[in-house]
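The values are calculated or read from the model by the stated rules, or taken from the named source; none is laboratory data. Given the structure is predicted, the values throughout are model-derived calculations rather than measurements. Glycine gets a Cβ as well: all are built from the backbone with ideal geometry, and neighbour counts include every protein chain shown.
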Amino acid sequence: MIAPLILYLDVPFATFRKSHAREMGKTYPVPPPATVYGMLLSLVGETDVYRHCGVELAIAMLSSPKKSRILRQMRRFKNADFSHPENVIPGYQEILSNLKCLIWVRSDGEKIQPSLRERIQFAFSHPELVRRFGCLFLGESDQLIKSIKLVSEDYLGEARHWVIMDNQGWLTLPYWVDHVGSRNTRFLRYRIDEMDKLSPPEKAWTMIQSPI
C-alpha cells in the first residue's frame, strides 16, 4: 500500500453551493468530496471526470471559516436566451472566509495508471509539463486558491475537524455531481468531529464513484 498524499489548501473566500438551495445561495460549511475531486482534476489538467473513479479522499479542517452573506447578481434561467436581462437578478449568497484544510489522496482503489495520486505528485515536481485550463479554484470559479502545497502528516500538528461519514450525520454532502441536470448526483451523510489524530480515521475516507 502506497502512502497517501497530503495537500494543504488556503482559500480566502469560497462558496460550496448547496444542491437544493433555491432562493438564496446557501453554502455547505466544508468543501464536499465532489468539489475537492473536481479541483484535483483541474490541478493535473484532466477533463474526463470518470478517469480517476476509485480514488479516495479525506478532509480535515484546520480553521473554522466565518460565514457571511453578500448581495450579488445571480442567474435564474427564465428566458432561453442566455444573455437576456430576465436571467440576471440580485440575490443573496453565503460565502466562507479564511478556509484552511488538509486533503488526503489515496489511490489504492483506482484501476488506471498513472493514478491521480501519481499525477498530483508529478504536477508538483514538474509543473511546466502539466497542461491545464484557467486558474485553480475551490468552489465557484471566481474564488481562487491562495496556496496549495504538499505537506507531511504532522504539518501543523494540532486538533483537526475531520469530515466523518455517518449514516446518522447532520451534514449531507455530494461525492459525485451530475452537471447535466441533477439526476445522477449522489450524496453521503457526514458529521464533523474534532480529534487530535494526525492521520484520517477509516470513516473519514470517501471513495469517488460514478453512479453510471
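Wholly within segment 139-178, which strands (runs of 3 or more DSSP E) include no fewer than the required count, namely at least 2 residues that are of a type in the set (Ser, Thr, Tyr), at pLDDT 95 or above and touching a strand residue (DSSP E or B) at 6+ places or on another chain (Cβ under 8 Å)?
171-176
Name the residue that is nearest to SER107 (Cα to Cα), counting only residues in segment 179-198 that are outside any strand (DSSP E or B) and more than 19 Å from the chain's Cα centre (by Cα).
Pass one, segment 179-198, residues outside any strand (DSSP E or B): 179-185, 196-198.
Applying the additional criterion that residues be more than 19 Å from the chain's Cα centre (by Cα) yields 181, 183, 196-198.
Numbers: GLY181: 29, ARG183: 27, ASP196: 25, LYS197: 21, LEU198: 19 Å.
That would be LEU198.
Among the residues of segment 113-143, write down those that are among the polar types (S, T, N, Q) and closer than 21 Å to PHE16 by Cα.
Just the residues of segment 113-143 that are among the polar types (S, T, N, Q), to begin with: 113, 115, 121, 125, 141, 143.
Scanning segment 113-143 gives SER141, GLN143.
From the list SER147, SER115, SER152, SER125, which one is touching an Asp or Glu at 6+ places or on another chain (Cβ under 9 Å), surrounded by fewer than 16 Cβ atoms within 10 Å (Cβ to Cβ) and hydroxyl-bearing (Ser, Thr, Tyr)?
Going through SER147, SER115, SER152, SER125 in turn, just one is touching an Asp or Glu at 6+ places or on another chain (Cβ under 9 Å), surrounded by fewer than 16 Cβ atoms within 10 Å (Cβ to Cβ) and hydroxyl-bearing (Ser, Thr, Tyr): SER147.
If you go through segment 138-164 one residue at a time, how many are farther than 21 Å from SER64 by Cβ and touching a helix residue (DSSP H, G or I) at 6+ places or on another chain (Cβ under 9 Å)?
So the count comes out to 2.
So, PHE133, is that one out of contact with any Leu (no Cβ under 8 Å at 6 or more places or on another chain), among the hydrophobic types (A, V, I, L, M, F, W, C), under 17 Å from TYR37 (Cα atoms) and in contact (Cβ under 8 Å) with a residue 24 or more places away in the chain or not?
Yes; evaluated as a whole, the condition is true for this residue.
If I go through segment 95-127 residue by residue, how many of them are in contact with a Lys or Arg (Cβ under 9 Å, 6 or more places away or on another chain), in contact (Cβ under 8 Å) with a residue 40 or more places away in the chain, over 17 Å from PRO31 (Cβ atoms) and part of a helix (DSSP H, G or I)?
Total meeting the criteria: 2.
Filter segment 1-54 for residues that are touching a residue at least 40 places away in the same chain (Cβ under 8 Å), of a type in the set (Gly, Ala, Ser) and either more than 30 Å from GLU128 (Cα to Cα) or not in a loop (DSSP other than H, G, I, E, B) (or both) and give the result.
Result: ALA14, SER19, GLY25, ALA34, GLY38, SER42.
Across segment 156-176, which residue is nearest to GLU56 (Cα to Cα) among those that are surrounded by fewer than 18 Cβ atoms within 10 Å (Cβ to Cβ) and of a type in the set (A, V, I, L, M)? Outline the logic, then answer.
Narrowing segment 156-176 to residues surrounded by fewer than 18 Cβ atoms within 10 Å (Cβ to Cβ): 156-159, 166-172.
Those still in the list that are of a type in the set (A, V, I, L, M) too: 156, 159, 171.
Working: LEU156: 23, ALA159: 22, LEU171: 19 Å.
Of everything passing the filter in segment 156-176, LEU171 is nearest to GLU56 (Cα to Cα).
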